[in-house]
Every structure is written in C-alpha cells, then in structure tokens.
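Chemist: Let me begin by handing over the structure; questions about it come next.
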Amino acid sequence: MLARIITMRFDRVLDAFNDQPLCDFLKGKHVLSIRDHFFMREDIPYLAAVVTYAMEPPSPRARRSRPERREAGRPKGRGYAALQRAARLASGA
C-alpha cells in the first residue's frame, strides 16, 4: 500500500477546488481510500486529499468480495457541497 497527499487550493474563478492534479494522479492506480481534510491558510481555503493506493489492480476474486466504490475524482454528496459553500464564504466570494 502506498500513500500520497494532494493539496488543492480553492479557485475563485472556477468557484471550486481545482481537482485536476488529483484526477491526473489517480489514473492507472488502484485506489484503496481517499480521505479529505479542509483547512484555511492565510484566509485561503484548501482541501487536502490523503490517497492510499496500489499500483496493481486487485485480483478478480478480491474485487467481487468488496462493495462497490464511488468513482474517484470529485467527491459527491451533501458533505462536499457544504465544504464548497464554506470555502466560498471564507474566500469572500
């Protein structure tokens, strides 16, 4: 298992976190987990993603025994929307 931290700064022009570096990094990797951490630095919102991954996909047997995972990339759901709103409010947008 390998791990990587990718930090994304809130982009006022996009009105969102630019997740392109995260998406690029995830290509060709078997993602085991992604945990997000929101923080502010000098009044700028950031979202850090802690990614645990493997370079090889799991065996077909292991894949069948695990529940379906959400697609990597932009997180979905109310929690992510709340983070986006908090970031916009914190950035004065």
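Each reported figure results from applying straightforward, stated rules to the coordinates on display, with no laboratory input. All values derive from a computational prediction rather than experimental measurement.
Chemist: Skipping prolines and chain starts, which residues have an amide H placed within reach, meaning under 5 Å, of the one on ASN18, given they are 5 or more residues away or on another chain?
Modeler: ARG9, ASP11
Chemist: Just subtract the alpha-carbon distance of ASP36 and ARG9 from 0.36 nm times their residue separation and send over the number in nm, one decimal.
Modeler: On the way: separation 27, 0.36 × 27 = 9.72 nm, distance 1.29 nm.
Fully extending the segment from ASP36 to ARG9 adds 8.4 nm.
Chemist: Once amide H atoms are built 1.01 Å from N in the peptide plane, which residues 5 or more positions from LEU32, or in another chain, come under 5 Å H to H?
Modeler: Hits under the 5 Å cutoff: THR52, TYR53, ALA54.
Chemist: What ³J(HN,Hα) values, in whole Hz, does the Karplus curve 6.51 cos²θ - 1.76 cosθ + 1.60 give for the stretch 18-35 when θ = phi - 60°, with x put for Gly and Pro?
Modeler: The phi angles translate into 6, 9, 4, x, 5, 4, 4, 5, 6, 4, x, 10, 8, 7, 8, 6, 9, 10 Hz.
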